[in-house]
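Let me begin by presenting the structure, written as structure tokens, before commenting on it.
The values are calculated or read from the model by the stated rules, or taken from the named source; none is laboratory data. Note that the coordinates shown come from a computational prediction; the quantities given were computed from them, not determined experimentally. Please note: Cβ atoms are built from the backbone with ideal geometry, for glycine as well, and neighbour counts cover all protein chains shown. Just the protein is used for accessible areas: all its heavy atoms, side chains included, with ligands, DNA and RNA removed. Shrake-Rupley method; radii C 1.70, N 1.55, O 1.52, S 1.80 Å.
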Amino acid sequence: MIKRELAKDSELRSQSWERFLPQFKHKNVNKRKEPKKKTVKKEYTPFPPPQPESQIDKELASGEYFLKASQKKRQKMEAIKAKQAEALSKRQEERNKAFIPPKEKPVLKPKEASTETKIDVAAIKEKVKKAKNKKLGALTAEEVKLKMEVDEKKKKKKK
């Protein structure tokens, strides 16, 4: 339809029509998508698998086939009782886990001061004396009295 309209117009007949025609993107159609899950075929074997044993065959092999009904019943009850006892013991163990105290870490004994790290008392005394001279802390009682006297003298002079 677009080409027909362009062919009618005398000015556009001689020009290239590419700018008027739609540009379609080419899709690669040749690629065939493979399924996500591939089924692996088993090897062909001419022999069928062995037939599973019937209930009667199992009883014959274990010797239960020849037992009387009362004996079979007693065996079943014993098996059930054993299963119940096992389940009961497991349940009891689970309940008792809450009462088992957790393992405590061993208490570390404080180490005695080793001879290598002796405290130098004289050096500490010197540090304390230097700190007092710097007046970093609170004033002593004597210093407070002196300061108060100086302040009073200043007040008297002003009057």
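Projected label points at Phe24 and Glu104, each 7 Å from Cα along the beta carbon direction, are separated by 8.5 nanometres. Solvent-accessible area per residue in region 1-116 equals 116 Å², computed with a 1.4 angstrom probe and all protein chains kept. Peptides 56-68, 118-130 ranked from most to least packed by the mean count of surrounding Cβ atoms within 10 Å: 56-68, 118-130. Viscosity 1.567 mPa s, temperature 4 °C: Stokes-Einstein D of the chain from its Kirkwood Cα radius, in µm² per second? The Stokes-Einstein estimate is 39 µm²/s. Listed by chain and number, the lysines whose alpha-carbon sits under 20 Å from that of Lys105, ignoring those within fewer than 8 places in the same chain, are Lys97. Here the peptides 72-79, 103-110 are ranked by packing, the mean other Cβ count within 10 Å, and the order with the highest first is 72-79, 103-110. In this structure, the residue pairs whose Cα-Cα separation is over 31 Å, taken from Lys38/Lys58; Lys132/Lys153; Lys68/Lys90, are Lys38/Lys58; Lys68/Lys90.
Simple spin-label estimate for Phe66 and Asp151 gives 11.9 nm between the two label positions (7 Å along the Cα-to-Cβ direction from each Cα).
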